[in-house]
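Trainee: Following this message is one structure expressed as structure tokens.
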Amino acid sequence: LCYPCLWSRSQPIPPLWCTYRQLLGGKKLMSDCIFCKMIDGEIKPDIVLETDSVLAFHDSNPQAPTHVLIIPKQHIPTMNDLEPEDVRLMGDLSLAARKVAEREGVSGNFRTTINCGRDGGQVV
């Protein structure tokens, strides 16, 4: 629980007035999020590409011959949590997909998927 704003980890993002949110550029890294642990270096994924805003790595349980996850470095729980100021980040993710495809040898013939929410296939 964060005082004085009373934000708890059960809520995906701290309130706008939260000091932690302001210090971390608007979005807080979550200590119990596996992706945040990868970004912090606590968990070492098989990295394909890393930029200032994006991390791409091989899926530990691949569902295709080439299966790479591309995630933003700021904690955004689902697509439903995107804000208008995240538009550049979404562009960074798209450009990262192209670079990853080139590095993985599937440039020109690849598919991208965004799973949003449990019913949309999002498991993390």
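The values are calculated or read from the model by the stated rules, or taken from the named source; none is laboratory data. In this text the structure is predicted, and so the values were computed from the model without any measurement. Cβ coordinates were reconstructed from backbone atoms using ideal geometry, including for glycine residues, and neighbour counts include every protein chain displayed. Protein only, heavy atoms only, side chains kept; ligands, DNA and RNA dropped before computing areas. Shrake-Rupley method; radii C 1.70, N 1.55, O 1.52, S 1.80 Å.
Trainee: Do we find that ILE70 is out of contact with any helix residue (DSSP H, G or I) (no Cβ under 6 Å at 6 or more places or on another chain) and either surrounded by 15 or more Cβ atoms within 10 Å (Cβ to Cβ) or of a type in the set (Asp, Glu) (or both) in this structure?
Mentor: no
Trainee: Just one of the numbered conditions (1) in contact with a strand residue (DSSP E or B) (Cβ under 9 Å, 6 or more places away or on another chain); (2) open to solvent by 90 Å² or more (accessible area, probe 1.4 Å) is not true of ALA97; which one?
Mentor: Failing condition for ALA97: (2).
Trainee: Give the number of residues within region 104-114 that are surrounded by 13 or more Cβ atoms within 10 Å (Cβ to Cβ) and either outside any loop (DSSP other than H, G, I, E, B) or among the polar types (S, T, N, Q) (or both).
Mentor: 1
Trainee: Just give me the residues in region 83-94 being within 16 Å of CYS116 (Cα to Cα) and open to solvent by 50 Å² or more (accessible area, probe 1.4 Å), in sequence order.
Mentor: GLU83, MET90 - these are the residues of region 83-94 that are within 16 Å of CYS116 (Cα to Cα) and open to solvent by 50 Å² or more (accessible area, probe 1.4 Å).
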